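What follows is a set of notes on a single structure, which appears directly below.
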C-alpha cells in the first residue's frame, strides 16, 4: 500500500481563497488505512475548514482514485478540490479536470506493509 501523511492544515489553508467553493475527495483504500483519508479524515478536514469560514460544497469518498475508471468523469462541485489521496489520485483528478484547482492534501512517504499487529512498516521510502 501507499503510505501517506497529511500536509499541515496551515499549508492547505494557504492555498485557499475565502470565496472558494471547496470539494473534498478522499481515497477509501490506502489513505484510509493510513488514517490520512477515508470518511473520518474527510469529515475532520471539512469541519476545520468550515470553522475557519470556508464553504464546503461537496465531499466524495472514492474507493481508489488512482484507478482512473473509478472516477466520476461528469463534474466536480466547487472550483477547488482538496484530494486526500496519494500522488496517483491527485494526478488522475488533474488530468480529468484540468480547469479545476486541485490541491493535494497528503504527502507520500513510500510503500508500506502491515505487520501482524496492525502496524504499518515502511518498506520503501520515496526519495
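The values are calculated or read from the model by the stated rules, or taken from the named source; none is laboratory data. Please read all numbers here as calculations on a predicted model, not as lab measurements. Note that we place each Cβ from the backbone using ideal geometry, even for glycine, and neighbour counts take in every protein chain shown.
Numbers below:
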item	result
Strands (runs of 3 or more DSSP E) enclosed by the range 15-127 - at least 3 residues per element that are over 14 Å from the mean Cα position of the chain (by Cα) and in contact (Cβ under 8 Å) with a residue 12 or more places away in the chain	55-62, 106-114, 120-125
Complete set of residues in the range 45-55 that are under 22 Å from residue 107 (Cβ atoms) and either in contact with a helix residue (DSSP H, G or I) (Cβ under 9 Å, 6 or more places away or on another chain) or at pLDDT below 95 (or both)	45, 48, 49, 52, 54
Qualifying residue in the range 2-10 (condition: modelled with pLDDT under 95, surrounded by fewer than 17 Cβ atoms within 10 Å (Cβ to Cβ) and assigned to a loop (DSSP other than H, G, I, E, B))	no
Qualifying position, being on the phi > 0 side of the Ramachandran plot and either surrounded by 16 or more Cβ atoms within 10 Å (Cβ to Cβ) or at pLDDT below 95 (or both), among 37, 78, 105, 23	78
